[in-house]
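I have placed the structure first, in the form of structure tokens, so that the comments after it can refer back to it.
Bear in mind these aren't lab numbers, they're just calculated from the coordinates by the rules spelled out. What you see is a predicted model; the values in this text were computed from it and never measured. Note that each Cβ is placed from the backbone with ideal geometry, even for glycine, and that neighbours are counted across all protein chains shown.
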Amino acid sequence: MSYVKPGNPKLIVDLNKLRHNIQVVKRMCANEGVEIAGIIKGCTGLFPCVEQFEKIGVRYIGSSRLEHLAELKSKSIQTPLMMVRIPMISEAEDVVRYCDYSLNSEISTLKILNKHAGKQDKVHNVILMADCGDLREGWWDKDEMIQAALKVENDLANLHLAGVGFNVGCYGSILATPEKIQELVDLAERIEEAIGRELEIISGGATSSLMRIIDGNLPKRVNMLRIGEGILLAHDLPALYGYDCRNMFQDVFTLRAEVIEVKDKPSHPIGEIGFDAFGHQVQYEDRGIRKRALLGIGKADYGDPSELLPRMKGVEILGASSDHTILDVQALADQGKEILVGDVLEFDLNYATMVYVTNSDNIQKVYI
């Protein structure tokens, strides 16, 4: 008999708010002639979330995790599926089996994809990725990329060169400026000249490129963006770049965690200090005796405690171990507000915490 958790921690997912966000971004992009690939890796491919993307009619659904896409294929999702992490050769057969599109940056992998597509009697769509400075995936040598495009176009009969794309912001923190995106458009046109036809897709980045949609300065010919966080959370553009996103919900996801201890304790550990449970040396501030609360949730569930966002003012996250989160609630006590054992506190998520929380079996998922 499997164990069913009785209550908390719990993740509440508001599907109505998620549908609203999808509609808003889809409409914004459509006004600029841009299709959306709804990226569902951030919510771990939770199927009720994915269903909302299909119901609203996004052009593609994508993930960096093949297991997400395989599950969607088994559940008869009709929207074309896109693998947005460069495939491993060891998974090439399944990429062809489960995905309609994949992003690629290695000719050796393309040859293997072509072989498996032939065995499966399929034509697999590929998007070649350029590295324009963020230094994650993609061809750095653009002449080499043009040669790869010619190879796909002329020699790999079971692949279709659907387009080109790039990524910025995820590793090198490079901004999706109009000038940077134009580099991709210029490269796409060089490839079109080489192969003698127009590409169907020019994928001009991810959520960070939504800034160009909002500002109305997305370079012409970009016709697809890969949007995940900008729909699921709509947090980064207002929080990091000051964009007004009040027409979208930032609380699609609500994390609820239960208080398991409340006590007055010193704020500085007593004794000889070594390393914490994760091998880190931590600096502690001595603020005297403070009212502290523990939650029955920890780093194993959400990652970095500094990125968890308490909704209740006066709650300060001090740190965490694998299964406990330590809070300072003295400010609430000073205001006459009492936190009791058994109380449930709510938290907003950012992208990093969403990835952990949606992937944690310790956290119940409830859809409203």
- What spacing in nm lies between the two simple spin-label points modelled at Ser322 and Met88, each 7 Å away from Cα in the Cβ direction? 2.4 nm
- Task: Mind checking the full-extension length gain between Ile195 and Glu307? Use 0.36 nm per residue of separation minus the Cα-Cα distance, one decimal, nm.
- Result: 35.7 nm
- Dipole magnitude (debye, nearest 20) for the range 32-241, charges at Cβ of Lys, Arg, Asp, Glu: 520 debye
- the chain - mean residue ellipticity at 222 nm from DSSP helices (-39,500 (n - 2.57) per run, n ≥ 4, rounded to 500): -9500 deg cm²/dmol
- Note on the structure: Excluding residues fewer than 8 positions from Lys73 in its own chain, the aspartates and glutamates with Cα under 12 Å of it are Asp94, Asp100
- Query: Cα-based count: Lys pairs in the range 253-367 below 23 Å, eight or more positions apart or different chains?
  - Reply: 14
- Once the mean 1/r over all distinct Cα pairs of the range 196-317 is inverted, what Kirkwood radius in angstroms do you read off? 18.9 Å
- Item | Cα-Cα pairs of the range 32-241 separated by more than 33 Å (percent) | 10 percent
- Whole-Hz couplings from phi, Karplus 6.51/-1.76/1.60, listed for the range 318-331; x for Gly and Pro: 8, x, 7, 10, 4, 10, 10, 10, 9, 10, 9, 10, 4, 4
- Euclidean distance between Cα centres, the range 28-58 to the range 133-180, Å: 23 Å
- Query: About its Cα centre, how strong a charge dipole does the range 197-254 have in debye, to the nearest 20, once Lys and Arg get +1 and Asp and Glu get -1 at the Cβ?
  - Reply: 260 debye
- Span per principal axis, largest first, for the Cα atoms of the range 261-301 (Å): 26, 26, 14
- When the label point is put 7 Å from the Cα of Leu150 along its Cα-to-beta-carbon vector, which residues of the range 181-199 have a backbone N closer than 18 Å? 187-199
- Query: Going by the alpha-carbon gyration tensor, a ≥ b ≥ c the square roots of its eigenvalues, is the range 253-367 rounded (a/c under 1.5) or, if a/c is not under 1.5, prolate (a/b greater than b/c) versus oblate?
  - Reply: oblate
- Query: What size of dipole, in debye to the nearest 20, comes out for the chain about its Cα centre when the only charges are +1 on Lys and Arg C-beta atoms and -1 on Asp and Glu C-beta atoms?
  - Reply: 980 debye
- Item | Nonlocal Lys pairs with alpha-carbon distance under 22 Å, the range 111-209 (8 or more apart, or different chains) | 9
